[in-house]
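Report on one structure; see the data block that follows.
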Amino acid sequence: MELASIENNNFKSLKGFFNEVARLTRFTSRFFKEAIKPPYEISTIVKQSYSLGYKSFPLVAITGFIMGLVLTIQSRPTLADFGAVSWLPAMVAISIIREIGPVIAALIFAGKVGSGIGAELASMKETEQIDAMEVSGINPFKYLVVTRIVSATLMLPVLVIAADAISLYGAYIGCNLQGDVNFHLFFLQVFQKLAFSDIFPAFIKTFFFGFFVGLIGCYKGYYANKGTEGVGAAANSAVVIASLAVFILDMIAVQITSMFN
């Protein structure tokens, strides 16, 4: 009896997982259909871009600076053992640009924006604002979902560029805590070692990171359960799933990049 009960629970869990994937697929398909149809809600997209991007900048900037500073301080002793301290600027820059900057910024973005979108849409559903928009003849999916996903897709790459630049400045500060490195020389070494194959793939994958953070946040909020518990559950699951999606997408991007390299 216990074995049958366990198998039944596993079957229900698997069935629920595939149902969730199917709903998310339909949600994504609806997004693309609504995104290409006018009106395009440009003013709302600009407003959401300010809310999602500009208001996330301080947190991303502080994280980026600390990341570059700590990475440099931690890497210096190891390179000093091999007499390769001169490689420190290039090594830190490649690590930040290729991998650490995009992923950490995307995780910060998922934590702040993903949870915010999920909680906001879930609370709007709880207070029946979405139903009121439908009654008023407004397309709530286009106004609430499409604008937020587009804004998240566009804003994360901008935040990653800013985070990379601030991280490199943090790395420069870290180099000067235990040495004396000229500002011009530091960045000359950085840009001499950086290649197009380091920058372009890292930049492109940030669009996918932003898209999935916005998509999952909107999906969890739009289909949240009724009640205050549903709002909290939507925000929490949006962060967890969006963060996991960032890691999975990054793994896929690394594999594709390594194939071409």
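The values are calculated or read from the model by the stated rules, or taken from the named source; none is laboratory data. Since the structure is predicted, the reported quantities are computational estimates derived from the model, not experimental observations. A quick note on method: Cβ atoms are made from the backbone with ideal geometry, for glycine too, and the neighbour counts reach across all protein chains shown. Only protein heavy atoms, including side chains, enter the accessible area calculation; ligands, DNA and RNA are left aside. Shrake-Rupley method; radii C 1.70, N 1.55, O 1.52, S 1.80 Å.
Could you identify the single residue in 100, 108 that is open to solvent by 10 Å² or more (accessible area, probe 1.4 Å), of a type in the set (Val, Ile, Thr) and within 25 Å of residue 177 (Cα to Cα)? Walk me through it before giving the result.
Working: 108 fails: within 25 Å of residue 177 (Cα to Cα).
100 is the lone residue from the list that is open to solvent by 10 Å² or more (accessible area, probe 1.4 Å), of a type in the set (Val, Ile, Thr) and within 25 Å of residue 177 (Cα to Cα).
Kindly list, by first and then second residue, each pair from a residue in region 85-105 that is in contact (Cβ under 8 Å) with a residue 24 or more places away in the chain and closer than 11 Å to residue 194 by Cβ to a residue that is of a type in the set (D, E, K, R) and open to solvent by less than 40 Å² (accessible area, probe 1.4 Å), limited to pairs with Cβ atoms under 7 Å and residues at least 6 apart or on different chains.
94/198; 96/164; 97/164; 97/198; 98/198
Looking only at region 149-161, count how many residues are of a type outside the set (A, V, I, L, M, F, W, C) and either open to solvent by 10 Å² or more (accessible area, probe 1.4 Å) or not in a helix (DSSP H, G or I) (or both).
At the first step, the residues of region 149-161 found to be of a type outside the set (A, V, I, L, M, F, W, C) are 151, 153, 157.
Cutting the leftovers down to either open to solvent by 10 Å² or more (accessible area, probe 1.4 Å) or not in a helix (DSSP H, G or I) (or both) gives us 153.
The number of residues fulfilling the criteria is 1.
Select from region 113-137 the residues that are in a loop (DSSP other than H, G, I, E, B) and open to solvent by 80 Å² or more (accessible area, probe 1.4 Å) and write down the one among them that is farthest from residue 229 (Cα to Cα).
Taking region 113-137 and keeping what is in a loop (DSSP other than H, G, I, E, B), we get 127-128, 136-137.
Retained after the next criterion (residues that are open to solvent by 80 Å² or more (accessible area, probe 1.4 Å)): 127-128, 136.
Values: 127: 13, 128: 16, 136: 28 Å.
The selected residue is 136.
Take the residues of region 19-50 that are of a type in the set (S, T, N, Q) and closer than 13 Å to residue 150 by Cβ: which is farthest from the chain's Cα centre (by Cα)? Talk me through it step by step, then tell me what you get.
Within region 19-50, the first condition is being of a type in the set (S, T, N, Q), and the residues that meet it are 19, 25, 28-29, 43-44, 48-49.
Still in the list and also closer than 13 Å to residue 150 by Cβ: 43-44, 48-49.
Working: 43: 23, 44: 21, 48: 16, 49: 14 Å.
Ranking the candidates gives 43 first.
Out of the residues in region 185-236 that are in a helix (DSSP H, G or I) and of a type in the set (Ser, Thr, Tyr), state the one that is modelled with the lowest pLDDT.
The first filter runs over region 185-236 and keeps only residues in a helix (DSSP H, G or I), leaving 185-193, 196-222, 228-236.
Subset that is of a type in the set (Ser, Thr, Tyr): 197, 206, 219, 222, 228.
On the way: 197: 84, 206: 95, 219: 94, 222: 90, 228: 75.
So, considering only residues that are in a helix (DSSP H, G or I) and of a type in the set (Ser, Thr, Tyr), the one modelled with the lowest pLDDT is 228.
Pull out all pairs, ordered by first then second residue, where Cβ-Cβ is under 7 Å, the residues are six or more apart or on different chains, the first lies in region 5-29 and is under 19 Å from residue 217 (Cβ atoms), and the second is among the aliphatic types (A, V, I, L, M) and at pLDDT 70 or above.
Close Cβ pairs (under 7 Å, with a partner that is among the aliphatic types (A, V, I, L, M) and at pLDDT 70 or above) amount to 28/215.
Step by step: first the residues of region 60-73, then only those that are surrounded by 16 or more Cβ atoms within 10 Å (Cβ to Cβ) and among the aliphatic types (A, V, I, L, M), then the one that is farthest from residue 177 (Cα to Cα). Which residue is that? Break it down into steps so the answer makes sense when it comes.
Going residue by residue through region 60-73, those that are surrounded by 16 or more Cβ atoms within 10 Å (Cβ to Cβ) are 60-61, 63-65, 67-69, 71-73.
With among the aliphatic types (A, V, I, L, M) added as a condition, the list becomes 60-61, 67, 69, 71, 73.
On the way: 60: 23, 61: 20, 67: 15, 69: 10, 71: 13, 73: 8 Å.
Per the stated criteria, the residue is 60.
What residue, among those in region 200-244 that are of a type in the set (Gly, Ala, Ser) and within 12 Å of the chain's Cα centre (by Cα), is most open to solvent (accessible area, probe 1.4 Å)?
By that ranking, first place goes to 243.
Can residue 171 be described as surrounded by 21 or more Cβ atoms within 10 Å (Cβ to Cβ), of a type in the set (A, V, I, L, M) and in contact with a helix residue (DSSP H, G or I) (Cβ under 9 Å, 6 or more places away or on another chain)? So that I can check it myself, show each step before the final result.
Numbers: surrounded by 21 or more Cβ atoms within 10 Å (Cβ to Cβ): yes; of a type in the set (A, V, I, L, M): yes; in contact with a helix residue (DSSP H, G or I) (Cβ under 9 Å, 6 or more places away or on another chain): yes.
So residue 171 fits the description; yes.
Which of the numbered conditions does residue 168 fail, given that it passes all the others? Conditions: (1) on the phi > 0 side of the Ramachandran plot; (2) under 26 Å from the mean Cα position of the chain (by Cα).
(1)
Please state which one of 203, 186, 207, 196 is more than 22 Å from residue 20 (Cβ to Cβ) and free of Cβ contacts under 8 Å to residues at least 24 places away in the same chain.
Working: 203 fails: free of Cβ contacts under 8 Å to residues at least 24 places away in the same chain; 186 fails: free of Cβ contacts under 8 Å to residues at least 24 places away in the same chain; 207 fails: free of Cβ contacts under 8 Å to residues at least 24 places away in the same chain.
Every option except 196 fails the conditions.
Restricting the first residue to region 59-79 and requiring it to be free of Cβ contacts under 8 Å to residues at least 40 places away in the same chain and part of a helix (DSSP H, G or I), which pairs with a second residue that is of a type outside the set (Lys, Arg) and open to solvent by less than 30 Å² (accessible area, probe 1.4 Å) meet a Cβ separation below 7 Å and a spacing of at least six or different chains?
75/88; 75/92; 79/88
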